[in-house]
1. Are there any pairs with C-beta distances below 8 angstrom linking a residue in segment 81-103 that is free of Cβ contacts under 8 Å to residues at least 24 places away in the same chain and on the phi > 0 side of the Ramachandran plot to a residue that is surrounded by 12 or more Cβ atoms within 10 Å (Cβ to Cβ) and part of a loop (DSSP other than H, G, I, E, B), with the two at least 6 apart or on different chains, and if so which?
2. Pull out all pairs, ordered by first then second residue, where Cβ-Cβ is under 6 Å, the residues are six or more apart or on different chains, the first lies in segment 24-45 and is at pLDDT 95 or above, and the second is surrounded by 11 or more Cβ atoms within 10 Å (Cβ to Cβ).
3. Can residue 3 be described as in contact with a helix residue (DSSP H, G or I) (Cβ under 8 Å, 6 or more places away or on another chain), surrounded by 12 or more Cβ atoms within 10 Å (Cβ to Cβ) and at pLDDT below 95?
4. Can you find a residue that is more than 30 Å from residue 41 (Cβ to Cβ), more than 14 Å from the chain's Cα centre (by Cα) and free of Cβ contacts under 8 Å to residues at least 24 places away in the same chain anywhere in segment 68-78?
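The values are calculated or read from the model by the stated rules, or taken from the named source; none is laboratory data. None of these values were measured; they are calculated from a predicted model. When we count neighbours, we look across all protein chains shown, and the Cβ atoms used for this are built from the backbone with ideal geometry, even at glycine.
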């Protein structure tokens, strides 16, 4: 698993995911995308505000669950592999990421 390939994303790193990890993440994102489309439809159909807010809350919970799964996978793979390789700066990167997530 190579967590440090160059790419055009923010950190210039990529990660090769197992088929199962990829499938689970994409499944969650597809569900979230569907929820977002549902909210858009509610707004377009002039749904009642609290009904929309409840759906937004559900999307927020789904995104939080996605973040938890992705973070756990990141720690178990990229972070653990980098620490074993002596790349201690990865811990600083993880701390900075956690600080951003907890805003």
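1. none
2. Once the first residue is at pLDDT 95 or above and sits in segment 24-45, its partners that are surrounded by 11 or more Cβ atoms within 10 Å (Cβ to Cβ) give 28/66; 32/62; 35/59; 39/55; 42/52.
3. On the way: in contact with a helix residue (DSSP H, G or I) (Cβ under 8 Å, 6 or more places away or on another chain): yes; surrounded by 12 or more Cβ atoms within 10 Å (Cβ to Cβ): yes; at pLDDT below 95: yes.
Yes, satisfied.
4. Within segment 68-78, the first condition is being more than 30 Å from residue 41 (Cβ to Cβ), and the residues that meet it are 71-78.
Next cut, more than 14 Å from the chain's Cα centre (by Cα) only: 76-78.
Those still in the list that are free of Cβ contacts under 8 Å to residues at least 24 places away in the same chain too: 76.
For segment 68-78, residues more than 30 Å from residue 41 (Cβ to Cβ), more than 14 Å from the chain's Cα centre (by Cα) and free of Cβ contacts under 8 Å to residues at least 24 places away in the same chain: present.
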